[in-house]
Amino acid sequence: MWKTVLRRFLVMIPQLFVLSLLIFIMAKFMPGDPFTGLITPETDPNVIEELKIKAGLYDPWYVQYYNWITNAFQGDFGDSYTFKVSVSSLIGERAMNTFWLSLLSVILLYAIAIPLGILAGRYQDSLLDKGIVLYSFISYAIPTFVLSLIFLFMFGYHIPIFPTSGTVDVSHDPGTWGYFWSKVYHMLLPAITYALLATTGVIQYLRSEIIDSKSMDYVKTARSKGLPISKVYTKHIFRNSLLPIAAFFGFTITGLLGGSVFIETIFGYPGMGQLFISSIASRDYSVITTLVMLFGFLTLLGSLLSDIIMSIVDPRIRIE
Amino acid sequence: MKKKNWFLVSMLLALALVLAACGGDKGKESSGGKEKEKEEEKVDASAFPVAVENNDEAIKGGTLQVALVNDSPFKGIFLAELYEDAYDDKIMAFASNSLYDTKEDFLISDKGIASLKVDADNNKVTVKIREGVKWSDGEPLTIEDVIFPYEIIGHKDYTGVRYDGDFKNIIGAEEYHAGKAKTISGLKKIDDHTLEITFKKLSPAIYNGGDGLWGTAAPKHYLKDVAIKDLIKSDKIRKAPVTLGTFKFDKIVNGESVQFVANEHYWRGKPKIDKVVLTTVPSTQIAEALKAGKYDIATSYSATNYDGVKDLKNLTVLGRKELAYSYVGFKLGKFDSKTGESITDPNAKMGDVSLRQAFAYAMDVEQVADEYYSGLRSRSNSLIPPVFSAFYDDTLEGFKYDPEKAKKLLDDAGFKDVDGDGLREDKNGKKLEIKMAGMSGDDKDEAMMQFYLQNWKDVGLNVVLTTGRLIEFNSFYDKVKADDKNIDVYMAAWGTGTNPSPLGLYGRDSSYNYSRFTSPELDKLLAKIDSKEAIDPEVRAKAFKDWQIYMAEQAPVFPTYYRTEIMPVNKRVKNYNKDWVNATDLNVLELTAEEPIK
């Protein structure tokens, strides 16, 4: 198996290379440049020209690409044009915010979706099942920004029980208990919103797997051996039904860093999704290219992880 | 079947709720057809107060809650010499290092920390700072701190945008920048509180803080150990800046919020409130947040969302004229980057003055200002905003909506409808298609542009959009700057800053002169405005007037709107005045309740 993993990693290199080339060229195709937004009558156009020359924006694209990729190999992704800090420290900061928010979202997501999926499958066609299916369709149909806005105005302003923007209250000192709690408190509403919206897939997979499993031979065998029905569910059906969810788990883990553009923007939560959108708007090339490379790498890694996880939970599958 | 219907209804309800939540009164404006209703909706922009009126008893101390309206995190570069993002500037305003105060027309007064004496004959100015002024860490302000910013900006490792043509006007700045000199020879320290600066030449702009004079101090004792190239990343300006202003930085959550506390060393006296907490608020939330009493003031508020705050009992809405104007420009030539000059093409499609004037007269700017901006934009008559009272010419007619006049101008100039399709042909009888570039923004921009297109059609001008639709900000300026041949006319706006001199926007060698209109006459008029004789305010006012009249006659660009900036303020705020001239210092601001009024 390790051989396979190594091979998969080696295949990633040309994949990432092609991705980097594509994204670099496409980014340069965008109209404008990082300095366009700086223009006011009080900025000297000659200064802007000089800055552009200094930043190498007039070099041919392959020269720019070569400079960028050689530095990137040494772990130097350059400085952000707008934030004026190194791209790695900028992304590092945002990635932490997004990571914690996503982690809480995913925990909430599974905490909501798994019980609902099991119940729906077990009591198929009951009123409960129909209610759960209805909920999952509604949550699937509502666009993210709509529910985010509704929740924000409901629980942020009309019944003000949650904070409405930011990741932490400024009055707390880092490292204190109050600071930690404030962080969690700021994450709750966006995380709940995200979790409620993303449950559909898990519920539907789990429900149909359980319904399928119910008529399987091994279930009949277990029942005929005299096992109580609840034990059949927890020991046999549940484990087998989780397989499709496990298949996605690798993507879920790496997706933790991707962030959600809508949720982060609406809740004013500075994370990766928001950084991605704002860096595109401000033509912050160094940030755009690094982020796309990172997302690309995470996707490839996610699929590899999923395969590994599958081989662990399902002994029938072997990576060769 | 029944169930399904119920489901549909609930979805519709949910949708309606959302639309109501974010749409505001938009629907009303487009459908409210009755004339009378429209009359009531229009507001008189000049009726906004510039100061709050609050006679309640103030509480002791208190925390001012400020909303920084921004859809992305702030950058957090808290040094006037280095920041580039306007939001950083808004944050720094609470702890400003600014040296000079200004009076009418943004001329430097002697009420600030520093005063200015100009010796125009010898191209010298003397800057004198008050004694006893201290930094927020208790260190005294010395003249070294006034010189230090020049050494930052002029340094060869400086990466910001402020080492510009103006800065090079200081004698010795270029030698210092090239590394040939250790200091800037034009800066001469007289004593601990006096500095003499020698310039290559002086113009009236010196009184507005132009010509290369720098307006803020930087704490040399605190920053001197940081190499200039590392300064921008340094925690000393990002996490713990030392400042001169009313409040001082206490805690900063990067990109999100800042807590200021009262600066006990503030030279005008310790402020009456204890703290200022500034929080980033997305623009979608700001109206609701102000209504819910979460914030006392917002750093900006979009005029198109005026409906969201206009009837709220817990707020006073202040308003003042912005230092900006919107305009329409005609492409009349090209910028030659080799010689660095605009070259006007006499045969340009819009080269005929009558055509340009007719184009302007055909636009019903008044109606758009009232309908789409509920009066928060007003038709402008000049390229100088009225805030500059000494230079603004209120007698100019401007291009008042007059379709008949437009038609007559076109008829007289020979633009006639030859083939009878309702659209005019050019002087030679060939089809005339005018390509208009506009910037995309919200849905109102689209509607306004359609309205104008109809306006022009009404007088027989066939105007179509470049690329067929409105253009995104970056592409728009890329095309306008590159003199794209698919642009004959464009709609844009300029913020003027506090120095009203038009040379940088309309000069022959300015690349911002996007219309590319030049003439010897214009050169003369512009030179006059910034000439040495114009240091005499009367001469300068006259020069401004002549220029405005000339621009109105030639109409290479013509102004469309002035903008009114609105500032909602919670009713618990006392002693707060945002007038351009008489603004109060933050140290007298008081609060009359423990929490913002809901």
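Brief remarks follow.
- 0 to 90° range, to nearest 10: angle between helix A:272-281 axis and chain A longest Cα axis: 40 degrees
- Spatial extent of region A:92-195: Rg and Dmax, with the Cα atoms as the point set, Å: 16.6, 53
- Tail weight of P(r) past 28 Å, computed on alpha-carbon pairs of region A:95-313, percent: 42 percent
- Net charge, B:L589 excluded, C-beta distance under 13 Å - Lys, Arg +1, Asp, Glu -1: +3
- Relative to its Kirkwood radius, the Cα radius of gyration of region B:323-564 gives an Rg/Rh of 0.95.
- Compactness index (Cα Rg / 2.2 N^0.38 Å), the protein assembly as shown: 1.07
- Debye, to nearest 20: dipole size of the protein assembly as shown, +1 on Lys, Arg Cβ, -1 on Asp, Glu Cβ: 3640 debye
- Between region B:288-304 and region B:214-245, the alpha-carbon centres lie 32 Å apart.
- Between region B:318-358 and region B:539-560, the alpha-carbon center distance in angstrom: 13 Å
- Span-like helix ranges in chain B, DSSP H, alpha carbon extent 24 angstrom or more, Kyte mean at least -0.5: B:2-23
- Coordinate range of the alpha-carbon atoms in region A:1-63 per principal axis, descending: 63, 20, 17 Å.
- Set of lysines near B:K321 by C-alpha distance (under 19 Å), chain-local residues within fewer than 8 positions excluded: B:K42, B:K90, B:K103, B:K310, B:K578
- Rg followed by Dmax, in Å, when region B:224-317 is reduced to its Cα trace: 17.1, 53
- Counting only alpha carbon atoms, the long axis of helix A:127-141 and the longest principal axis of chain A meet at about 10°.
- Computed from the C-alpha gyration tensor, the three semi-axes of the ellipsoid equivalent to region B:487-598 are 40, 19, 11 Å, from longest to shortest.
- Helix A:61-73 axis, angle to chain A major axis (alpha carbon atoms, nearest 10°): 60 degrees
- Taking all C-alpha pairs of chain B, those more than 37 Å from each other amount to 43 percent.
- Backbone phi angles across region B:382-394, fed through the Karplus curve with coefficients 6.51, -1.76 and 1.60 (θ = phi - 60°), yield HN-Hα couplings of 8, 8, 10, x, x, 4, 7, 4, 6, 10, 7, 9, 7 Hz in residue order; Gly and Pro are listed as x.
- Region B:127-205 and region B:427-458: distance between their alpha carbon centers, rounded to Å: 49 Å
- Dimensionless Rg ratio for region B:104-229, taking C-alpha atoms and the 2.2 N^0.38 Å reference: 1.03
- Dipole axis of region A:2-73 (+1 Lys, Arg; -1 Asp, Glu on Cβ), positive-most option in A:A55, A:Y65, A:P31: A:Y65
Coordinate-derived values only; no laboratory data. It should be emphasised that the depicted structure is a prediction, and the values quoted were computed from it without experimental measurement. Every residue, glycine among them, receives a Cβ derived from its backbone with ideal geometry; neighbour counts consider all protein chains shown.
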